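Read the figures in this text as sums done on the coordinates, not as results from a lab. In this text, all values refer to a predicted model and were calculated from it rather than measured experimentally. Note that we place each Cβ from the backbone using ideal geometry, even for glycine, and neighbour counts take in every protein chain shown.
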Amino acid sequence: MKKDLLGIGDLTRDEIYLVLETAEAMREIGQRPIKKVPTLRGKTIVNLFYEPSTRTRTSFEIAEKRLSADTLNVPVAASSVLKGETLADTALNIEAMAPDMIVLRHASSGAGHLLSRICRSRIINAGDGMHEHPTQALLDAFTIREHKGRVDGLKIAIVGDLLHSRVLRSNVLLLSTLGADVWACGPGTLVPPGLERFGVHVSTSVDDAVGDADVIMMLRIQQERMDGAFVPSLREYFNTFGMTAGRVARAKPDVIIMHPGPMNRGVEIASDVADGPYSVILEQVANGVAVRMAVLYLLAGEAEAD
Amino acid sequence: MSVSKRVLKGGRVVDPVNGRDGIFDVLIDGDRIARVGRDLPVDDGVLVTEIPSGLVVCPGLIDMHVHLREPGQEHKETVATGTAAAVAGGFTAVACMPNTVPVNDNAGVTEFILKKAAAANLARVYPIGAVSRGQLGEQLADIAELKQAGCVAITDDGKPVATAMLMRRALEYARMFDMPIIEHCEEQTLKGDGVAHEGFHASALGLRGIPGQAESIMASRDIALAELTGGIVHIAHMSARQTLDAVRFGKSRGARVTCEVTPHHFILTDEMLGAPVPYDTNVKMNPPLREAVDRDAMLAGLADGSVDVIATDHAPHHYDEKRVEFDRAPFGITGLETAVSLCFDRLVHAGIVNLARLIELLSVNPARILRVSGGSLSDGAPADISILAPDLRVTVSAATMRSRSRNTPFDGWALRGGVAATIVGGRMVYVNDNGGVHEPA
């Protein structure tokens, strides 16, 4: 594997399968009474989060601890940024203390690439702006495989705010690489220009996107997009794009409903769908730990081989 | 070395205004051109500078879009370092933008810049004043005073003139002084907080986009207002094919409109956002690098005469400012020390334009648009002369540039064509050790 995991493009198809298969073994560790293995003992991992995050940060931290890494959370928002330190300087200071890996969450697209150029530590992108969130896509693929046995040939509808979504970009790249038939659907104001060049179907019709779908993946729409600039109102968004039981009924009978979280109930997804029998949303969260353990293990293994 | 008379002997003189393209001698007397002719007799006391065959002697190049950053941002550039970069890049004159700190919206700032330029004593500096006080887009700056102090044009560069009404008034007012308004065309709401050209590459990298129409809509407004008022508008750093169409349409109707394009916009595309260095802040500029179809449109405009000027939009930034997240980095790259090599390599040697046309773009037309001297080697004209080396092999080296800043995406590029020497007011202010021109001991 490459030094860093900044985006899905850093992984070959074989490496994606390697991560998914390794995650199977990692999941088993989480089911033991003693949920800890010594694999990353002596490794230092810094979780550098410039954006608030509950799910992703907790997931990485649990994954690191289950692998026995020494793990450290840097609450950046509370420290350096307020003092005017640049990302590059903060990273170099952390680097000076010789961590093995840095897990970075940042509001700017490409923040991980900046760190990658100046740090020897391995960088794992835990979400950069509107760019990518590769471990989310990996855990999504893991969850899909768990239910469907494959990704190849499945119709997967991704519905919501496509423009601002790093989850969309990582999933489009990963799921297309694995051979899925990906449909991206959202309001015309929230479709990134040129999206069709990723080899996905782009549609503004939810009915077309979810029709006969094997998987429906909802994307969060942030409240601040609802001020009339992108979408007229919350009510109109829900009526036009919200995932209701009626819309789910157009999909395959064994469809699964996914959401990367945090959910806006009654905005992009009806509560009866989120809590209903097709929903695998909490399984995604559970699988996140196993997939992140796999990524950490494989990147650390590369470090050993250096 | 101070000499009163000098003859440049044996070079290929390309002087489109006087219809010259051939081997001529150029006799300089003091700060003026005395005569251009074949095999001029050399009197005693005349310094002879041999120009090796293959070199080109042409009217001094003028970069009409440069940020010298002084006063206020001397950590990026000063008048002294910027004009040192200019002459090393073959430019005998630069026009500098008013978005300094404070803004050049009054005679005091203009005079300060001219004083610094006189002290540096390298390239000529033509200050450009602000259209609006503080470049705030609210009320007109004291334009007559700016003109009197030495400003050759006005602009709110960095952003467009804020409203159609203010632009109308500015065109009407500046017309009294025969001053062009140089316009940074960008419809601000459409630009939003965009940082790159809107399209596949920005989408893939999760960067907020700026469509070409943000530029062309504003250019269309300004061309319409030039027609309404009879005022003079010059479209700065054009990047989008739609803008070029708007300019062509305006010219066809007789509007007083001209336009410029930068080397980076006729060479690079938004593909560079992702490769070779993803999120390289040295490919972040405003307007952004656009698509291949836009780049090709700029080349077509250069070839067919629709484009009037090549300017660099030299925009130095300190490396601290550029070594940040892409969306937080300032817009802009340096250009003075790469332009000539890029133009030779990508335009002349590529067969897009011939040498005479290149000199129109870099010298004749900027002088005409700014209503300044230069642009020809006529008898009696100021002796501002660029000596170019079309076949010189050049490797761009940001580390050795004279500009105080190093923010160029062209570092390491191998190019064919460069500068041999630069003469301003009869003084040899720059000699490239590898260029083939040597000052006699």
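Some observations on this one:
- Matching option when the condition is within 25 Å of B:GLY250 (Cβ to Cβ), outside any loop (DSSP other than H, G, I, E, B) and away from chain A (no Cβ under 14 Å), among B:VAL364, B:VAL353, B:VAL307: B:VAL364
- Top-ranked residue in region A:120-147 [being assigned to a helix (DSSP H, G or I) and under 8 Å from the mean Cα position of the chain (by Cα); ranked as farthest from the other protein chains (Cβ to nearest Cβ)]: A:LEU139
Quick grid of which residues meet (1) in contact with a Pro (Cβ under 8 Å, 6 or more places away or on another chain); (2) crowded, with 23+ Cβ neighbours inside 10 Å; (3) free of Cβ contacts under 8 Å to residues at least 60 places away in the same chain; (4) assigned to a loop (DSSP other than H, G, I, E, B):
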position	(1), (2), (3), (4)
A:ARG150	no, no, yes, yes
A:HIS164	no, no, no, yes
A:VAL172	no, yes, yes, no
A:ALA184	no, yes, yes, no
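- Single residue of region A:101-119 satisfying the filter (part of a loop (DSSP other than H, G, I, E, B) and in contact with a Gly (Cβ under 9 Å, 6 or more places away or on another chain)) that is farthest from the other protein chains (Cβ to nearest Cβ): A:ALA107
One line per residue, one yes/no per condition, for (1) in contact with a Ser or Thr (Cβ under 6 Å, 6 or more places away or on another chain); (2) surrounded by 21 or more Cβ atoms within 10 Å (Cβ to Cβ); (3) away from chain B (no Cβ under 14 Å):
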position	(1), (2), (3)
A:GLY160	no, yes, yes
A:SER176	no, no, no
A:GLU196	no, no, no
A:THR204	no, no, yes
A:MET217	no, yes, yes
A:GLN222	no, no, yes
A:ARG225	no, no, no
A:ALA251	no, yes, yes
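- If only residues of region B:1-44 that are free of Cβ contacts under 8 Å to residues at least 40 places away in the same chain and among the hydrophobic types (A, V, I, L, M, F, W, C) are counted, the one that is farthest from B:SER386 (Cα to Cα) is B:VAL42.
- So A:ILE156, is it in contact (Cβ under 8 Å) with a residue 40 or more places away in the chain, more than 24 Å from A:ASP14 (Cβ to Cβ), away from chain B (no Cβ under 14 Å) and surrounded by 18 or more Cβ atoms within 10 Å (Cβ to Cβ): no
- Subset tally (residues that are surrounded by fewer than 20 Cβ atoms within 10 Å (Cβ to Cβ) and more than 25 Å from B:ALA141 (Cα to Cα)) for region B:72-117: 2
- Residue in region B:393-414 that is more than 30 Å from A:ALA88 (Cβ to Cβ), within 16 Å of the chain's Cα centre (by Cα) and of a type outside the set (Val, Ile, Thr) present: no
- Neighbours by Cβ (under 6 Å, 6+ apart or cross-chain): first from region A:117-130, at positive phi; second not hydrophobic (A, V, I, L, M, F, W, C): A:GLY127/A:ARG105; A:GLY127/A:HIS133; A:GLY127/A:ARG166; A:GLY129/A:SER108; A:GLY129/A:SER109; A:GLY129/B:GLY206
- Residues that are without any contact (Cβ under 8 Å) to a residue 60 or more places away in the chain, away from chain A (no Cβ under 14 Å) and outside any helix (DSSP H, G or I) were ranked within region B:189-237; the one that is surrounded by the most Cβ atoms within 10 Å (Cβ to Cβ) is B:ILE235.
- Scan region B:147-188 for residues that are of a type in the set (D, E, K, R) and assigned to a helix (DSSP H, G or I) and the total you get is 5.
- Among all positions in region B:412-426, there is at least one residue which is touching a helix residue (DSSP H, G or I) at 6+ places or on another chain (Cβ under 6 Å), more than 22 Å from B:LEU47 (Cβ to Cβ) and surrounded by fewer than 19 Cβ atoms within 10 Å (Cβ to Cβ).
- Exactly one residue out of A:PHE49, A:PHE60 is touching a residue at least 60 places away in the same chain (Cβ under 8 Å) and more than 15 Å from A:MET293 (Cα to Cα): that is A:PHE49.
- Residue within region A:9-21 that is outside any helix (DSSP H, G or I) and either in contact with a strand residue (DSSP E or B) (Cβ under 9 Å, 6 or more places away or on another chain) or under 30 Å from B:PHE326 (Cα atoms) (or both) present: yes
- Residues satisfying the stated conditions in region B:391-418, i.e. part of a loop (DSSP other than H, G, I, E, B) and not basic (Lys, Arg): B:VAL396, B:SER397, B:MET401, B:SER403, B:SER405, B:ASN407, B:THR408, B:PRO409, B:PHE410, B:ASP411, B:GLY412, B:TRP413
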